[in-house]
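The values are calculated or read from the model by the stated rules, or taken from the named source; none is laboratory data. Keep in mind that what you see is a predicted model, and the values were worked out from it rather than measured. So basically every Cβ, Gly included, is an ideal-geometry build from the backbone, and we count neighbours across all protein chains shown.
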Amino acid sequence: MLQKFDPRNANLKIFIKDRLYPRDQAKVSVFDSVVQGGDAVWEGLRVYPEGIVCLDHHLNRLLASAKTLAFADIPSKEFVRSAIAQTLAANNMTDQTHIRLTLTRGEKITSGMDPRLNQEGSCLIVLAEFKPLVYDNASGIKVISSSQRRNGPEFLDSKIHHNNLLNNILAKIQANIAGKDAGLMLDQRGFVAELNGSNLFAVKGDTVYTPYAHACLPGITRATVIDLCGQNDIKIKEADLSLSEMYNADGVFATGTMGELTPVVEIDGRSIASDHELMRRVLTLFKTSIRYYCEPLI
Ligand SMILES: Cc1ncc(COP(=O)(O)O)c(C=O)c1O
């Protein structure tokens, strides 16, 4: 699945640091940390007329990631909320919108890794685009397992939602070459971690399983599914899952803000059914509840 240019996004207004810029002037300096070393943290948000899905969780994760990376000046949630509100208002966006929220360590006085070279303060970017769900959740996606392992805390903690996405991008390139939609990444022990850009769940019998969050982003959509299962007396377990267990699951689905809940209909050439009753129930529960997870900006 390759996203296409949406003409509604031709004249976007984008918030950078302290104000809005038209799309063609929305730029960061070549001295910015995100250019120099991928030294930034980010969130993807989805906008519905009722508000932004799980906004507070996303803001908490953004600020926590920045704290872990020892950013010197982390903006307040109020500042970020106000920047998002200004951006949505300027673009007249209330629905079918995805926001890429990035916080970079800011501009350096000269190129180099050392964060002490960052003397201009951090830089918040609010890029809101008209973007319906990125996958066709009716037909589902096909994936391959990648030779590229997802990093755990022994190298770079996957709980930091940082912009250093190269291992996931390499997995996506392998999927592209194989003509599939996403790369399934294992952890360093060979258990399933996640897809290159979304979390994974497997349904077997009366239970829904998801990998421990040791080597995957603890996704907010993942947390919502766990929450919904708990509220609806559906057995949900975090577990070490092998590829064989995924191939033989009754149903598999991916979760993420960009695509919400997407059936995985093939892994490494093995077909996975998408009509299992429990999986359908979870997909429907999510669809009917998502708007209750929306939070207005003010
Ligand atoms: C690697 C990875 N896994 C999973 C997710 C899904 O996370 P969320 O549900 O918070 O959007 C993302 C989204 O940014 C991601 O980049």
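Report, by residue number, each residue of the range 181-233 that is of a type in the set (Val, Ile, Thr), in contact with a Lys or Arg (Cβ under 8 Å, 6 or more places away or on another chain) and more than 9 Å from the ligand (Cβ to nearest atom).
Thr207, Val208, Thr210
Could you say whether any residue in the range 134-144 is touching a helix residue (DSSP H, G or I) at 6+ places or on another chain (Cβ under 8 Å) and of a type outside the set (Val, Ile, Thr)? Before you say what the answer is, go through the steps one by one.
Let us first name the residues in the range 134-144 that are touching a helix residue (DSSP H, G or I) at 6+ places or on another chain (Cβ under 8 Å), namely 137, 143-144.
The next check asks that each one be of a type outside the set (Val, Ile, Thr); those that pass are 137.
Within the range 134-144, one or more residues are touching a helix residue (DSSP H, G or I) at 6+ places or on another chain (Cβ under 8 Å) and of a type outside the set (Val, Ile, Thr).
Which number in (1) out of contact with any Pro (no Cβ under 8 Å at 6 or more places or on another chain); (2) farther than 20 Å from Met258 by Cα marks the one condition that His161 misses?
Unmet condition: (2).
If Ala178 satisfies all but one of (1) at pLDDT below 95; (2) away from the ligand (no atom under 13 Å from the Cβ); (3) of a type outside the set (S, T, N, Q), what's the number of the condition it fails?
(1)
Residues checked against (1) over 18 Å from Asn199 (Cβ atoms); (2) β-branched (Val, Ile, Thr):
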position	(1), (2)
Asn248	yes, no
Ala273	yes, no
Val282	no, yes
Arg291	yes, no
Ile298	yes, yes
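If you take the residues of the range 60-76 that are in contact (Cβ under 8 Å) with a residue 24 or more places away in the chain, not in a helix (DSSP H, G or I) and not hydrophobic (A, V, I, L, M, F, W, C), which of them is surrounded by the most Cβ atoms within 10 Å (Cβ to Cβ)?
Filtering first and then ranking leaves Pro75.
Is it fair to say Asp95 is closer than 29 Å to Leu2 by Cβ and not basic (Lys, Arg)? Walk me through it before giving the result.
Values: closer than 29 Å to Leu2 by Cβ: yes; not basic (Lys, Arg): yes.
Considered against the rule, which asks whether it is closer than 29 Å to Leu2 by Cβ and not basic (Lys, Arg), Asp95 comes out as yes.
Which ranges mark the strands (runs of 3 or more DSSP E) fully within the range 91-152 that have 3 or more residues being within 21 Å of Thr68 (Cβ to Cβ) and of a type outside the set (Gly, Ala, Ser)?
Details: elements: 97-104, 123-130, 141-145.
Correct list: 97-104, 123-130.
Scan the range 1-59 for residues that are in a helix (DSSP H, G or I) and of a type in the set (Phe, Trp, Tyr) and report the count. Explain how you work it out, then say what you get.
Filtering the range 1-59 for residues in a helix (DSSP H, G or I) gives 7-9, 23-25, 33-37, 55-59.
Remaining after also requiring of a type in the set (Phe, Trp, Tyr): none.
Adding up the residues that qualify gives 0.
Quick one: which strands (runs of 3 or more DSSP E) sit completely within the range 208-298 and have at least 3 residues that are under 20 Å from the mean Cα position of the chain (by Cα)?
Numbers: elements: 235-239, 251-256, 260-267.
Of the strands (runs of 3 or more DSSP E) lying wholly inside the range 208-298, those with at least 3 residues that are under 20 Å from the mean Cα position of the chain (by Cα) span 251-256, 260-267.
Report yes if Ala138 is more than 24 Å from Glu245 (Cβ to Cβ), under 16 Å from the mean Cα position of the chain (by Cα) and more than 14 Å from the ligand (Cβ to nearest atom), otherwise no. It would help to see each step written out before you state the result.
Working: more than 24 Å from Glu245 (Cβ to Cβ): yes; under 16 Å from the mean Cα position of the chain (by Cα): no; more than 14 Å from the ligand (Cβ to nearest atom): yes.
Spelling it out, it is not the case that Ala138 is more than 24 Å from Glu245 (Cβ to Cβ), under 16 Å from the mean Cα position of the chain (by Cα) and more than 14 Å from the ligand (Cβ to nearest atom).
Just to verify a result, which residue in the range 156-175, among those that are near the ligand (Cβ under 9 Å from one of its atoms) and of a type outside the set (Gly, Ala, Ser), is surrounded by the fewest Cβ atoms within 10 Å (Cβ to Cβ)? So that I can check it myself, show each step before the final result.
Taking the range 156-175 first, the residues near the ligand (Cβ under 9 Å from one of its atoms) are 158, 161, 165, 168.
Going one step further and asking which of them are of a type outside the set (Gly, Ala, Ser), we end up with 161, 165, 168.
Working: His161: 22, Leu165: 15, Asn168: 22.
Among residues in the range 156-175 that are near the ligand (Cβ under 9 Å from one of its atoms) and of a type outside the set (Gly, Ala, Ser), the one surrounded by the fewest Cβ atoms within 10 Å (Cβ to Cβ) is Leu165.
Please find, among Leu62, Leu12, the residue that is of a type outside the set (Asp, Glu) and within 16 Å of the ligand (Cβ to nearest atom).
Values: Leu12 fails: within 16 Å of the ligand (Cβ to nearest atom).
Only one candidate qualifies: Leu62.
For the range 243-263, enumerate the residues that are more than 19 Å from Pro132 (Cα to Cα) and either within 16 Å of the ligand (Cβ to nearest atom) or surrounded by 20 or more Cβ atoms within 10 Å (Cβ to Cβ) (or both).
Met246, Ala249, Gly251, Val252
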